[in-house]
Amino acid sequence: MTSVSSDAGQPDREYCSYEQFGVEFFALAVSQERVEAGVNALAGQPIDVGPIGVGPGRLVKLTATGSINQAQITRTGGDEIAFHAVLPVSLDFSVDLQVETHRFHADLTLPLTLTARAMVPATVRLDITPPRAADVGLELRAEGLRASVLQRVVGMEAEVRRFVAKYVARELTKPYVERARTIDVGAAIDKAWATTGLAPETARAVADDFEEAITGEILEHADEE
């Protein structure tokens, strides 16, 4: 490789192949910290849904409120740049039996798989595989003995898993999540170039310096003609 001297205080840089640049660029652009920031665009989002029908005949009405919490993310092995995320969700909900209402609390964990993909033109995309209902971890607590009996009768665990898995899958398609999981490399380069490269101000300064140099050269050699 050929080294290129940098400014004082900056490390020397080396030329590399386009392939090596691409690999290193992806590792930098799709770091664990950036992925966490993208996934945690969901964090803090309120859940306020219902009433929806659950149980036999859908006669029982469930109303849920809660929030999505900060995700835990780890890098997975393999050739692809991929991550495993666990998204915690806290829910408080009530079950209306028309004659009485029972209340529950649920702590859920939702596994997500995130894989970095290259797209054209010049875009990095995080594909997110939402969890299936069967993948959702659930700890359900009922308030009172009768509520505990109700929990077994209407199959609350399965209903809550299906509901939350569907909710998160829908949230992943929202515009604010789309923005967080898509990196427009071309737009980012244009912005950086305008800030530190040949921006209009810089271009004018170059033009002025060039004009001054040419004028000086002409005056210096005017008497030689």
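Provide the solvent-accessible area of Glu19, counting protein heavy atoms only and rolling a 1.4 Å probe, rounded to the nearest 10 Å².
It works out to around 130 Å².
Quick one: which residues, 5 or more positions from Gln45 or on another chain, have an amide H under 5 Å from its amide H? H modelled 1.01 Å from N in the peptide plane, none for Pro or chain starts.
Residues meeting the criterion, in which the H sits 1.01 Å from N, are Ile68.
For the stretch 57-137, which chymotrypsin sites (Phe, Trp or Tyr not before Pro) are both in a DSSP coil and crowded by at most 10 other Cβ atoms within 10 Å?
In loop regions of the stretch 57-137 (DSSP not H, G, I, E or B), there are no sparsely surrounded chymotrypsin sites (Phe, Trp or Tyr not before Pro).
Please work out how much length the chain gains when fully extended from Ile52 to Tyr15, using 0.36 nm per residue of separation minus the C-alpha to C-alpha distance, in nm with one decimal.
Contour length minus Cα-Cα distance gives 7.3 nm.
So what J values fall out for the stretch 38-49 if you push phi through Karplus, 6.51 cos²θ - 1.76 cosθ + 1.60 with θ = phi - 60°, rounded to Hz, Gly and Pro as x?
Values, residue by residue: x, 5, 6, 4, 7, 5, x, 5, x, 10, 8, 9 Hz.
Can you pull the percent of the stretch 47-120's accessible area that's carbon plus sulfur, 1.4 Å probe, other chains left in place?
Its accessible area is 51 percent carbon and sulfur atoms.
To the nearest 0.05, what FRET efficiency results for Ser67 and Ala37 with a Förster distance of 22 Å applied to their C-beta separation?
For R0 = 22 Å, the calculated efficiency reads 0.75.
The values are calculated or read from the model by the stated rules, or taken from the named source; none is laboratory data. Everything quoted here is computed from the prediction, not taken from an experiment. When we count neighbours, we look across all protein chains shown, and the Cβ atoms used for this are built from the backbone with ideal geometry, even at glycine. For accessibility, only protein heavy atoms count, side chains too; no ligands or nucleic acids. Shrake-Rupley method; radii C 1.70, N 1.55, O 1.52, S 1.80 Å.
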